[in-house]
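Here's the structure, in structure tokens; my notes come after.
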Amino acid sequence: MPAVSLKSSISELKGAGPKFAEKFSGMGIESIGDLLFHLPYKYQDRTRIAPVGSLRLGMAVVIEGEIRGTQVMFGKRRSLLCRLQDGSGVISIRLFHFSKAQQASLKAGHFIRCYGEVRMGPTGLEMIHPEYSVNTSGAFPPLDQRLTPLYPTTEGINQARLRSLIEQALALLDRQGGLAEWLPAEWLTPLALPSLTAAIKTIHHPSNSTDTRSLLEGTHPAQQRLALEELLAHHLSMQYYRQQTQASGAQPLKPSQKLAPLLLQQLPFQLTGAQQRVIKEISIDLQKSVPMLRLVQGDVGAGKTLVAMIAALQAIESGLQVALMAPTELLAEQHFINMSNWAEPLGIEVALLVGKTTKKARDPLLDSLEKGGIQLLIGTHALFQNGVNYHNLGLVIIDEQHRFGVQQRLALKEKAVIGSPHQLTMTATPIPRTLAMTAFADLDISIIDELPPGRTPVVTTVLSQQRKDAVLRRIDAACADGRQVYWVCTLIEESDELQLAAAQSSAEVLAASLPNRRIGLLHGKLKPKEKSLLMEAFKHHELDVLVATTVIEVGVDVPNASVMIIENPERLGLAQLHQLRGRVGRGTAESFCLLMFGDELSEQGKQRLEVMRSTNDGFVIAEEDLKLRGPGEVLGTRQTGAIGFRVADMERDQALLPLVPELATRLQKELPGHVQPVINRWLNKAERYAQV
Ligand code: ADP
Ligand code: MG
């Protein structure tokens, strides 16, 4: 019989039969080694007694003291309230369920020790149903020597059982001389980080001397050691994906000699310096025989569409097709309108393909695409469905890339004739640099950090919806001046019906209060055709006010619209608000954004709106969003599910982020054989598959 090792099934451990193994398997734990990477999600601190006077809300602590009195309270719900006093203060213990015996034991003059969470009750701090023991002498058993880990678990496996199995796994780890170490000690020592084996041991079994506070916060070197390796694994896997993509090669594209200069001649403006720089970076990439993988970041209104168009011209002039994918149909239509205007005088064939394109229009379109007639195809993810076949796809442009998952980006590869198409992705979400290096390790990054000249910054005002009347007068005055207005309705729920109802009622209120103004209503339930008719009408000033759900978030361009009202802005992320606000301030008139908050604005909500009021700089806003809401919101990973870490927390572990690319390069150079094992250790099979 082979000896038990870390690779053995956990059913080899004492107290874990095949039935248990099955339950563990549901949590992704098969081997004893896997169990070692099943990490506590938090710790309980029962190592010391907290003085009652020092307690704050939310603390989970041991307290000890004398019972001053106990009584049954008759409020909304009957409860037993017991007052505990130590030398420093008084706190209540509240039981909603209690027996006669319990009531009798909690007697004034007895001593009690409790472990529980501190909450706010009607008369001050309290603990509800803490674990407790009572005696008459005040002598309690010794406290724990170390923190107690709490593990994520599943039905039928309790904490005690988990701990016992993990203790056995740790003992086995000792007998086997530790885990394979992929990062040499010489790299870790200067960072004051322990070996992986030492880190794993500390995390599962903190010793008496382990720094309790840092462990509770997740900043202990042992935890940082694991977080670093996990971040590194993700980084390496993204780079691996990049190498795989680039290994397939791409068609090199010569810089456009004819089309791009022609387009630039026709424009009524000059490119900004930032646009010129980024256009050049892209052009150099496109001339290579490996696919470009580049992300262009630029604030709303920075002129990304034109940059994309010039990239497209380089491919088209080389005889290849270009696909531009936008996150919504409305945005796809906007791009189609803009780009067709540019493309027509150049004699370029442009087409639009969205989910709702009728079969009658679709069939000839697909036919022409396959024969190479269509040179630039614009649309939503419909562009990459089965049955859409390109003649020779050379460049894929993705607008607002953070809305697309890795999967969708991968679907592109199959459509290329030679290797992979070049990929250009564009986002208006300004992502702080260290975060971008972590989240987009597979992409080169260009930044358009300059707005076209002549834009007047939007003046933002934060006010309560109580002041709607003043807002209505403001709208009326703007319309009287020949300006146009956006009125944006937000909703927490992603329910089209509710959102529509809210927008409808706002439109009705507006129509009733401003009888002389022409008001349109744009929402997600409209047919694409109806949406574009409405947008066209607004663009041609046949409407004064456009009431809209957040569908107008991106891409809409009406320079004469200079006022935007956002209802309940507190429901949106700062980045999203910034995008919305970017719809105004596109012309030369002074522009206004009124953030009209609801009745229940929290302190943090106020702070966030204050950030919006005080700056128009997308990068500053993104940094603040990062502080206030965390990286998930900034990156929009909630939609894409792109990054799910087990240990690392991009906010808490920000200090580690700059180390990651450095270590990745060093590992690839000095210990290339360790790259794959690090990836395999931290990314589960599904994630690894998604990135290859
Ligand atoms: P975004 O970066 O938000 O996608 P757009 O590409 O929609 O911005 O550009 C916003 C507006 O600015 C468009 O009307 C576009 O034609 C115009 N624009 C782009 N580049 C310049 C420039 N260099 N000078 C003046 N206007 C420009
Ligand atoms: Mg855009």
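The values are calculated or read from the model by the stated rules, or taken from the named source; none is laboratory data. Nothing here was measured: the structure is a model prediction, and the numbers come from that model. Every residue, glycine among them, receives a Cβ derived from its backbone with ideal geometry; neighbour counts consider all protein chains shown.
Below are the figures for this structure:
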item: Within the stretch 350-360, tally of residues that are outside any loop (DSSP other than H, G, I, E, B) and over 27 Å from Leu263 (Cβ atoms); result: 2
item: Single unsatisfied condition, Gly138 versus (1) under 17 Å from Ala50 (Cα atoms); (2) within 46 Å of the chain's Cα centre (by Cα); result: (2)
item: Residue in the stretch 307-326 that is β-branched (Val, Ile, Thr), modelled with pLDDT of 95 or more, near ligand 1 (Cβ under 9 Å from one of its atoms) and touching a helix residue (DSSP H, G or I) at 6+ places or on another chain (Cβ under 9 Å) present; result: yes
item: Residue in the stretch 340-363 that is within 16 Å of ligand 2 (Cβ to nearest atom), within 16 Å of Leu424 (Cβ to Cβ) and either without any contact (Cβ under 8 Å) to a residue 60 or more places away in the chain or aliphatic (A, V, I, L, M) (or both) present; result: no
item: Output for the stretch 585-594, where each listed residue is away from ligand 2 (no atom under 15 Å from the Cβ) and not hydroxyl-bearing (Ser, Thr, Tyr); result: Gly587, Ala589, Glu590, Phe592, Cys593, Leu594
item: The stretch 219-239 residues that are more than 13 Å from Leu183 (Cβ to Cβ) and without any contact (Cβ under 8 Å) to a residue 60 or more places away in the chain, paired with ones that are assigned to a helix (DSSP H, G or I) and not small (Gly, Ala, Ser) (beta carbon under 6 Å, 6 or more apart); result: Ala222/Thr202; Ala222/Ile203
item: Tabulated pairs, the stretch 178-201, first within 16 Å of Leu232 (Cα to Cα), second among the acidic types (Asp, Glu), C-beta under 8 angstrom, 6+ apart or interchain; result: Trp182/Glu229; Leu183/Glu229; Ser195/Glu181; Leu196/Glu181; Leu196/Glu229
item: Lone qualifier among Glu508, Glu536 - being more than 29 Å from the chain's Cα centre (by Cα), surrounded by fewer than 18 Cβ atoms within 10 Å (Cβ to Cβ), over 21 Å from Asn338 (Cβ atoms) and away from ligand 2 (no atom under 16 Å from the Cβ); result: Glu508
item: The one condition in (1) part of a helix (DSSP H, G or I); (2) touching a residue at least 12 places away in the same chain (Cβ under 8 Å) that Arg213 fails to fulfil; result: (2)
item: Restricting the stretch 337-349 to residues that are farther than 20 Å from Leu253 by Cα and touching a helix residue (DSSP H, G or I) at 6+ places or on another chain (Cβ under 9 Å), the residue that is surrounded by the fewest Cβ atoms within 10 Å (Cβ to Cβ); result: Pro345
item: Inter-residue pairs, beta-carbon under 8 Å, first under 12 Å from Gly301 (Cβ atoms) and in the stretch 439-459, second part of a strand (DSSP E or B) and within 12 Å of ligand 1 (Cβ to nearest atom), 6+ apart; result: Ile448/Val296; Ile448/Gln297; Ile448/Gly298
item: Selection count where residues are surrounded by fewer than 22 Cβ atoms within 10 Å (Cβ to Cβ), within 16 Å of ligand 2 (Cβ to nearest atom) and at pLDDT below 85, scope the stretch 547-584; result: 4
item: Number of the condition not met by Gly379 [criteria: (1) within 16 Å of ligand 2 (Cβ to nearest atom); (2) more than 21 Å from Pro255 (Cβ to Cβ); (3) surrounded by fewer than 24 Cβ atoms within 10 Å (Cβ to Cβ)]; result: (3)
item: Selection count where residues are within 13 Å of ligand 1 (Cβ to nearest atom) and within 25 Å of Gln251 (Cα to Cα), scope the stretch 285-306; result: 5
